[in-house]
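Read through the structure below, which is laid out as structure tokens, and then see the notes.
Every read-out reported here was derived from the displayed coordinates using simple, explicitly stated rules and does not represent laboratory data. What you are looking at is a predicted structure, and each value in this text was computed from that prediction instead of being measured. Cβ sites come from the backbone with ideal geometry, for glycine too, and all protein chains shown count toward neighbours.
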Amino acid sequence: SQTIHQWPATLVQPVGSPLSLECTVEGTSNPNLYWYRQAAGRGLQLLFYSVGIGQISSEVPQNLSASRPQDRQFILSSKKLLLSDSGFYLCAWSPGRLNSPLHFGNGTRLTVT
Amino acid sequence: AQTVTQSQPEMSVQEAETVTLSCTYDTSESDYYLFWYKQPPSRQMILVIRQEAYKQQNATENRFSVNFQKAAKSFSLKISDSQLGDAAMYFCAYRSAWISNFGNEKLTFGTGTRLTIIP
């Protein structure tokens, strides 16, 4: 069966520090991968999605970036964090079939101080 | 661009009663998919139910069912025999059925409805 791993679970970082959140999927190949952010009391905002290695689509211009160095690995990064980057970050995957739902990781709670 | 609207930020229901959560969406497409996700306090997103727009029959999963009104662009979730474990944020989501060059597999989410179960 397929599983998705996301880490770390929680992270507290000072303003201006770098960020690296990692997500990996097991049990499937060539998944579509997604990074969502959920601000407190709000819905999910799509940040990036990828349909293959090296193919990254950015939905929201900001100081975050994403990379897909391997088929089942998706990384969310920042060179310098802002206070507004605080939130709950969710990685998700889907098999690429349109009627398939997204399957989410357990999320990372990021607090920028 | 598609938008999803959940007009009820919070709802509450007595345990064992029935509650309906509302969702409307805006799209110019004729073929698409709709989903309801549940996010309990653990924050994990859990799929509750899905609906294909080309199907007229409303989807059902145990105590969860939807009322899909395509013409009205409405997709409400009905929870029957509410249980304490149903307490969560519920998100409605939309996915296009058309694949562009880069893919339209992304889901667009509403802002969520927080459901409280009263013992």
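The table below gives the values:
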quantity: Residue count for the range B:9-59, restricted to those that are polar (S, T, N, Q), away from chain A (no Cβ under 13 Å) and not in a strand (DSSP E or B); calculated: 8
quantity: Residue in the range A:79-88 that is surrounded by 15 or more Cβ atoms within 10 Å (Cβ to Cβ), part of a strand (DSSP E or B) and within 14 Å of chain B (Cβ to nearest Cβ) present; calculated: yes
quantity: The range B:60-81, residues that are over 17 Å from residue B:16 (Cα atoms), assigned to a strand (DSSP E or B) and either in contact with a Gly (Cβ under 8 Å, 6 or more places away or on another chain) or touching a residue at least 24 places away in the same chain (Cβ under 8 Å) (or both); calculated: B:66, B:67, B:68, B:74, B:75, B:76
quantity: Segments classed as strands (runs of 3 or more DSSP E), wholly inside the range A:1-56, with at least 1 members that are among the β-branched types (Val, Ile, Thr) and surrounded by fewer than 18 Cβ atoms within 10 Å (Cβ to Cβ); calculated: A:3-7, A:10-13
